[in-house]
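Reviewing the structure listed below.
The values are calculated or read from the model by the stated rules, or taken from the named source; none is laboratory data. These numbers were taken from a predicted model, which means no experiment stands behind them. All Cβ positions, glycine included, derive from the backbone under ideal geometry; neighbour counts span all protein chains shown. To get the accessible areas, we keep the full protein, side chains included, count just its heavy atoms, and leave off ligands, DNA and RNA. Shrake-Rupley method; radii C 1.70, N 1.55, O 1.52, S 1.80 Å.
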Amino acid sequence: MDRTAWGYATHPQELVALVRFKSSVVLPEIPRDITPNTRYCYEKLQQTSRSFSTVILTLHPKLRDAIAVFYLVCRAIDTIEDDMKPKKEDKIPHLRTFHEKLYQPGWKLTGYGDVPHEIELLEKFDRVIDVFQTFPPEYQVVIADIAREMGNGMADFLEKTVDTLEDYDLYCYYVAGLVGEGLSRLFAASELEDKSFSTAKQLWNSMGLFLQKTNITRDYKEDVEAVHPRIFYPKAIWGKYVKRVQDLKEPQYKRQAIQCLNEMITNAMQHVPDCVDYLGKLHEPSVFNFCAIPQTMAIATLALCYNNYQVFQKEVKIRKGEAVHLILNSTNLSDVTPFRTFNPRLRFGLTPF
Ligand code: IN0
């Protein structure tokens with residue numbers, strides 16, 4: 001039996017989810033009544049992240065365009081940071097001044113990016129800027145604030161390694177905690193969510209750190225074996241188990257590697273209570289789905305990685321069927337956090353009290 005068939009045979013609920021998804025879920029289309037540049041942004045979104053672009057398309061119209069553009073702005077900055085071809089002295093100014101370009105209609109950047117759709121995003125960034133310019137000032141200031149802090153933070157980390165746990169949290173703050181800030185401030189500005197989201201620093205930071213720490217924990221092999229290796233595992237953790245971070249993938253260090261992996265996962269899990277609190281405060285259903293789906297994917301990814309030596313051997317990703325099952329079951333808090341409504345007495349057939 002090939003892996004997929006075996007995967008479904010041993011996970012029938014995922015086959016059910018896929019069939020349900022294919023037969024009943026009508027995938028949202030790019031809206032028709034939009035400008036050519038806004039259409040370009042959604043098409044670019046679909047190229048950069050097929051599954052997540054679908055989630056963005058289901059957002060309430062008051063937030064959909066702003067979050068689509070915000071996602072592309074984050075992707076553009078990440079593309080510049082990730083490109084190891086340019087010299088640092090060329091790359092750093094682009095990161096630190098990127099936020100100003102949002103107010104320079106016509107601006108675009110050539111020569112950056114590793115994959116075609118990311119190269120094109122920067123070469124046609126003037127089209128994203130045109131859409132950004134149509135947003136109300138209270139949306140523009142959020143996206144520009146985050147672009148400024150993210151660009152400067154990423155530039156700082158091009159010159160420094162991730163050694164202490166504080167370095168680790170700071171790097172993840174620049175890459176993902178700030179995304180949580182931008183989204184939360186947009187949710188508040190749209191008035192679809194409570195204005196307290198504009199100051200929920202601890203909670204929005206945990207939402208971002210949980211996702212990014214999951215990505216870093218899962219992507220060890222990809223990062224360590226890249227043409228220009230990037231080390232995001234903090235030395236404060238891997239240094240307890242091996243002399244060099246590259247040793248984690250050597251078979252003679254298998255036991256240490258698994259202990260290191262499990263400590264990385266435990267470090268990420270510390271953010272889960274804040275994430276549950278954050279999700280519990282959301283009111284708009286499309287915003288809840290938008291926030292809950294990546295969190296449930298991340299939990300499933302960590303569960304797959306725990307004690308899993310394969311993380312050091314190859315790419316480890318949750319099965320498509322599991323992802324669909326999670327998407328279909330991330331529409332309300334009790335599905336996302338069954339343990340919150342978990343009552344041991346009920347679980348074991350006793351009276352609830
Ligand atoms: C995201 C986050 C994201 C969504 C909802 C709430 C968030 C709160 C705080 C921080 C981030 C939040 O979700 C996406 C999910 C995503 O892009 N999934 C892709 C992954 C992939 O491999 O491409 C998929 O195809 O499923 C996310 O991971 N990030 C992100 C980026 C921008 C925005 Cl606006 C929202 C990236 C990151 C680094 C975790 C912030």
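Would you pick out the residues in segment 330-353 that are more than 19 Å from P294 (Cα to Cα) and either in contact with a Leu (Cβ under 6 Å, 6 or more places away or on another chain) or modelled with pLDDT of 80 or more (or both)?
Within segment 330-353, P352 is the sole residue that qualifies.
Answer with yes or no whether E100 is more than 16 Å from the ligand (Cβ to nearest atom), open to solvent by 70 Å² or more (accessible area, probe 1.4 Å) and either closer than 17 Å to M150 by Cβ or assigned to a helix (DSSP H, G or I) (or both).
yes
Give segment 49-73 a look and list any residue that's touching a residue at least 60 places away in the same chain (Cβ under 8 Å) and open to solvent by 20 Å² or more (accessible area, probe 1.4 Å), or say none.
Once the filter is applied, which keeps residues that are touching a residue at least 60 places away in the same chain (Cβ under 8 Å) and open to solvent by 20 Å² or more (accessible area, probe 1.4 Å), segment 49-73 yields S51, F52, T58, H60, K62, D65.
When I327 is evaluated against the numbered criteria (1) modelled with pLDDT of 95 or more; (2) open to solvent by 30 Å² or more (accessible area, probe 1.4 Å), which criterion, by number, is the only one it fails?
Here I327 clears every test but (1).
Checking the condition open to solvent by 80 Å² or more (accessible area, probe 1.4 Å) and assigned to a helix (DSSP H, G or I), which residue from Q246, Q252 passes?
Q252 is the lone residue from the list that is open to solvent by 80 Å² or more (accessible area, probe 1.4 Å) and assigned to a helix (DSSP H, G or I).
On the basis of being assigned to a loop (DSSP other than H, G, I, E, B) and within 16 Å of the ligand (Cβ to nearest atom), does F232 make the cut?
yes
Out of curiosity, is Q133 within 16 Å of the ligand (Cβ to nearest atom) and open to solvent by 50 Å² or more (accessible area, probe 1.4 Å)?
Criteria not met by Q133.
Against the definition (on the phi > 0 side of the Ramachandran plot and not small (G, A, S)), how does E181 come out, yes or no?
no
Out of all the residues in segment 46-58, which are within 10 Å of the ligand (Cβ to nearest atom) and either over 13 Å from the mean Cα position of the chain (by Cα) or among the hydrophobic types (A, V, I, L, M, F, W, C) (or both)?
Hits for segment 46-58 are R50, F52, T54, V55, I56.
For segment 278-322, what are the residues that are part of a helix (DSSP H, G or I), open to solvent by 20 Å² or more (accessible area, probe 1.4 Å) and within 13 Å of the ligand (Cβ to nearest atom)?
Result: N289, P294, M297, K320, E322.
When you look at F187, is it of a type in the set (F, W, Y) and near the ligand (Cβ under 10 Å from one of its atoms), yes or no?
Taking the combined requirement at face value, the residue satisfies it.
For the structure I just gave you, tell me whether G153 is open to solvent by less than 70 Å² (accessible area, probe 1.4 Å), under 14 Å from D78 (Cα atoms) and out of contact with any strand residue (DSSP E or B) (no Cβ under 6 Å at 6 or more places or on another chain).
Yes; evaluated as a whole, the condition is true for this residue.
Please find, within segment 205-226, the residue that is nearest to the ligand (Cβ to nearest atom) out of those that are among the small types (G, A, S) and open to solvent by less than 10 Å² (accessible area, probe 1.4 Å).
G208
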